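Structure record follows, encoded as structure tokens.
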Amino acid sequence: MRLSGNLHSVSLKLKQTKKLAIIICWLVTSLLCANAQQSGKASYYSKRATGAKTSSGIRLHHDSLVCAHRTYPFGTKLLVRNLTNDKEVIVTVVDRGPYRKGRIIDLTYAAAEQLGMISKGVVAVEVTEYHPDKGIPYALDPERLPEIDLEEHEVSAVDEDYNAVWTKNKREKVEDKLALNTIEKSKEENTIIKPRTGGKTKAKTKTATKNSKTKKKRK
């Protein structure tokens, strides 16, 4: 009984490891296929499939540019190129399939019409993941940019002009300060000197009157 129980547990573990290995292999292959370039046959849905529910839950319409693929995630944009006439179309993955041997993608009627495969039904195509080149946002066209040539002598002349203006303004400010200082000094001197001169003249007039009086008395 113990041996049978051990064998049963071992078989369960082996089954679990096999399932894990299968899942890992499927994930690796799906990732590799997502970045690889595929070539095979493409077919398309008939117009009668309009309104059918896809694996992603979106309702199918024959005028929409969508497709069915077995490995690419839903919402992935694919670039499909018809190898017979080099026509291209960009479609979005919304369904799973096709499951027939040799076919790699199912397209809507509108996508098949753009590829020019309506009359043939099944054509050889090349499928790659589409990555739009976003580029630099708000980038200016280099042809429309103005050309500015600043030579060394022009730059030096601009610097010299700036320095001359700066020194001139500084000199004017210094001169203004000196003028204000001289005006203030002259005002202070005038306010101090005037009463002294007045006092001296009064003293002189007093002494002159006293001398005249003494002279008259002597006479």
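The values are calculated or read from the model by the stated rules, or taken from the named source; none is laboratory data. Worth saying up front: this structure is predicted, and the values here are computed from it rather than measured. Protein only, heavy atoms only, side chains kept; ligands, DNA and RNA dropped before computing areas. Shrake-Rupley method; radii C 1.70, N 1.55, O 1.52, S 1.80 Å.
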(1) open to solvent by 80 Å² or more (accessible area, probe 1.4 Å); (2) modelled with pLDDT of 80 or more; (3) at positive phi: which one isn't true of LEU178, the others all being true? (3)
Tally, over segment 94-130, of residues that are open to solvent by less than 20 Å² (accessible area, probe 1.4 Å), of a type outside the set (Val, Ile, Thr) and assigned to a strand (DSSP E or B): 1
